[in-house]
Every structure is written in structure tokens, then in C-alpha cells.
Amino acid sequence: MSVKNILVIGLGGVGLHLTQRLVHDGYGVTVIESSPQLISSVNDKIDAKIIEGNAMELACWQRAKAETMDLLIAVTNEDSVNMIASIIADRLGIPRKVARVRSPEYGYENSFLNKNDFKIDLVIHPEELVAQEMARLVMRASANDVVDIGEGQMKVVAMRVNPDSPIVNKTLKEIDLLHNDFRFKIVAVARGIATIIPGEDDTILPNDQVFIMLHEKNLPQLMNLMDMREQSIHKVMIVGGGMVGARVAELLGKTVKITLIENDKEHAEELASTLKNTDVLLGDGTDVNVMVLGGLMEMDSFIATTGNNETNIISCLLAKHIMNRSNVDANAKVGKTIALVKKEDYLVLASTIGLDVALNKKISAADEIMKFIRMGELFSLAHLHGVDAEVIELAAAPKSQITKKPLKKMRSMLQEKQILIAGVVRNGGCELTDEHTVIEPNDLAVVVSATKSLKDARELFK
């Protein structure tokens, strides 16, 4: 089902971030928000119709012209408001409903009252989403991240470029010529605060974070080329025992030994009695002595999930230094650091100063909602952590612009829009493109696009 008009309830962190993305992508967005102060602070940031009022009052829904909406997204901080809003939306004929529900007692498959009782199509729990993502990233021990593309046939691998890397200070064209025993394609680069969708003349520099797309069968060869070693995960340290930290410990504790540092005595005691396979330490997560006494030098990964941005970033930097300072042996492991960061601006900062991965709850929630919205329009969607870029799969319409000439003749236009046609799915297989590739009508293409260019990418295939 195609979505054009969207009603958002709540302009808090998730609501504002999501509304900005929806407006940018060309959706018609109407927002109901009860706080005049919040409305005043964001009025110049979003080009959406904003209605001041209580979402529990039907008059607000009438002013929002709810009967014309294709989708409701209820993301206030109150579970009860979001769940009731979904019921109201259903009564008013809005066909699809998304609601933020944090309490496990309501809205979920096994809850006393599940999502069907509240007419919810997608339940969003930002803390659960980011905890699941952290656990996934820890278990992907060899690289910063690995994203499955084309039903798993292709992978996008994220890694930091060291000064002695075989691809450093070389253009993409030179890399293709030098390393042609198996095919891979660098599809995105994070450099400082910039996201680059590279062309063949772009040069890879030390400390770049690169995103490399290749066939699954060639992953061992890439790891060998980049001197990446498979690392088994045995020990993980977590700082912060809040909702995210405790859930990560619960998820990883099934297979990994966890050390969790919590600075609140009462909460630390509670965690110690409920979390399995977890040693809970009382202390400050930015205190080097506490970290070292907790066994940091033996850890495979370090995760900071406190409610303070600075604490999370500083503790990860300390951990990175301590974990890697002991790894002077060329064959030793290199610990991975993951930080929970509330401010989007800090995500770029965290990556720039050396953290492996920084995650944000509202971005994780918005990504999940955007994926749900686009299910009818895209075959799949994956966000690349650390850059403002997405990997999408698009089907080429018979008379679309993308089908009219080889990719080399579209190179300058695609680069200008920060779009890369990276692969094509044909005859049940997925292959990387080159400059001679012609996208045929009805082909399914794997496209890497700057987030801001998603709309342009979709237009090329219509």
C-alpha cells in the first residue's frame, strides 16, 4: 500500500527526528503536539502542519483531517496515549498504525493485551531496538558492522582504514586494478564529519571508515586482504545498568561472560540478583581503576549505555586506549567499543575521535519505522552506521531513466546526487556492477544512496 499522508502524534525526540526525515522524503506530514513550548522550539525546523492540542480529544483529529491519512505514528512518551491513539485511528479509518510502547505488559505478541487488541501494526520500543543492535554488533566481532544485502548473498562490511592498509592512499580505480583476484566495491566512506559516496577517482585515506560490498563467498578473502581476523567473543564489559545496558547484558549473557558497572548501589544489587552470567560492579564507569579492576584488559568488547553522552564517549575512549595498549602482539585481539549517544551531533563526533560504533535510540526507532513505511515501495532497506547513507533495493520500471544507458554514461549525474548503483539481481543471483553494466527493465538493483538523496534514487527507477 502506498503511503502519502502521515499523522504523527508527539514531537519529542523520536517524533521530531522522524518528522524531519518524512518531510524531506516528500510525505505530507501532520503533527499533533500538546506542548506549546515544544511547538515553538521546532516550528522553524520542520515544514509540516502542526496542531496544538491533546491527542485524546477528537477535535484535534478532526482538525488534522484524520480521515485523509494513510498512516498513524504515535510516539509520545506515554504508552497509554500511543495505544489509545491507535484505537482512535482505527475507528477513523486510518489503515496502518505504528505506536511506541515500552511496557512489555501491553502491545506485544505475548502481552495480556497484544498489539491486535490496540489495532497496532508495528510496535516500537527504542530501547529494545538499540539493545538488539548492540548485541548484534558485538557478535559481529571481525568488523565494525556487517549488513546483509540481497537476501544474504551480498554483504556490506564496515571497517577502519589503518595507515598500513593495502587500500590506503589509493584511488578506487587503482584498488580495482591491484586487487582483482576477487571483486569488491567500496560503496561509502566516512571521513571526519563527511559522508562520501565515492567515485573511481576518489582516494582512500588513513582513518577513513569504509563500507565494502562483496559477495558472501568472498568475505574470507577480504578479511585476509585487510588482515582482519575472526575473533571469538568471550568477555564484554558494559557501563550503565539502565534499560539498554541491562537488556544488552541479558541478550549477550546467554553466550558471553558479562561485567557490568553501575554507580547506583540499590540498582546494582537488583541487577546482580536478576542477570545471569553477569558480574555487577558498583562504581564509576569513567574511573580507570574501576575499569581495570573489572578486567577491562581482558575484554573483547566494551559498551557504554549510561544516560550521559559525555560519560559514554569518555569511557569508550579510555576503554579503547586500555584494551588496545595491551595488544602489542600483532596477533592479539583488538577490542571493539560501542557508545549510546543521545545527541545526533555527537554521533559524528564519536566516530571522528575513534569510537568504533555510536548508536542513538531515536534514530534506531526512526529507521525501523521508515523501513515499515517503505516496505510497499522498496524490497529492502538498510542503514549504514557511521554515515548518512542507506542501502536499498529498487526495481527498474520499463521506461525509467536508469534503463536507458550504461552506468558509465550516468557517472557524473549519479556522483553529483551521491547515488551509487552497486549491484544487480539477475537469474536468482546478485552481482556487482561496473561501468559497462546496463540496468534492464524489471531488474532489481542494489543502490547505495546518501540519505538526503533517497528520493532522487527512487525517481531514477520510476
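What nm distance separates the two modelled labels at Gln415 and Ala59, each placed 7 Å from Cα along Cα→Cβ?
For the pair Gln415/Ala59, the computed spacing is 5.9 nm.
Quick one: Asp227, Asp90, fewest Cβ neighbours within 10 Å first, how do they rank?
Asp227, Asp90
Can you sort Ile197, Ile233 so the residue with the fewest Cβ neighbours within 10 Å comes first?
Ile233, Ile197
Can you give the translational diffusion coefficient of the range 235-363 in µm²/s, computed by Stokes-Einstein from the Kirkwood radius over Cα pairs at 37 °C and 0.692 mPa s?
226
Show me 74-86, 110-122, 177-189 ranked by packing, highest mean number of other Cβ atoms within 10 Å first.
74-86, 177-189, 110-122
Can you give the FRET efficiency to the nearest 0.05 for Asp181 and Gln132, using r as the Cβ-Cβ distance and R₀ = 35 Å?
0.45
Using the Kirkwood radius built from alpha carbon pairs, what does the Stokes-Einstein equation give as D for the chain at 20 °C and 1.002 mPa s, in µm² per second?
90
Among the DSSP beta bridges whose two residues both lie in the chain, what percent are antiparallel, rounded to the nearest 5?
50
Would you mind calculating the gained length between Val288 and Lys462 on full extension (0.36 nm times residue separation, minus the Cα-Cα distance), in nm to one decimal?
Contour length minus Cα-Cα distance gives 57.1 nm.
For a quick check: sort Ile212, Ile369 by the number of other beta carbons within 10 angstrom, fewest at the front.
Exposure proxy ranking, most exposed first: Ile212, Ile369.
Taking the Cα-to-Cβ direction at Asp264 and at Asn277 and moving 7 Å from each Cα, how far apart do the two end points lie in nm?
2.6
Considering the zone a paramagnetic label at Asp434 would reach in this model (a point 7 Å from Cα along the Cα-to-Cβ line), which residues of the range 185-199 have amide N under 19 Å from it?
185-187, 199, by backbone N distance to the label point.
For the residue pair Lys4 and Phe112, what label-to-label distance in nm results when each label sits 7 Å from Cα along the Cα-to-beta-carbon direction?
Calculated label separation equals 4.3 nm.
Would you work out if the range 34-109 is rounded, prolate or oblate? Take a ≥ b ≥ c from the square roots of the eigenvalues of the alpha-carbon gyration tensor; rounded if a/c is under 1.5, else prolate when a/b is larger than b/c, oblate otherwise.
Cα axes put the range 34-109 in the oblate bin.
Mind putting a number on the dipole of the range 134-225 about its Cα centre? Charges go on the C-beta only, +1 for Lys and Arg and -1 for Asp and Glu, and I need it in Debye to the nearest 20.
That gives the range 134-225 a dipole magnitude of about 240 debye.
Suppose every K and R has +1 on its Cβ and every D and E has -1 on its Cβ; what is the size of the dipole of the range 372-460 about the Cα centre, in Debye to the nearest 20?
300
For each pair in Lys320/Lys455; Lys254/Lys320; Lys371/Lys462; Lys235/Lys361, compute the distance between the two Cα atoms and list the pairs where it is over 31 Å.
Pairs exceeding 31 Å: Lys320/Lys455.
All of the numbers you see were taken from the coordinates with simple rules; none came from a lab. Keep in mind that this is a model prediction, so the values were computed, not measured. Methodologically, a virtual Cβ is constructed for each residue, glycine included, from the backbone with ideal geometry; neighbour enumeration extends over all protein chains shown.
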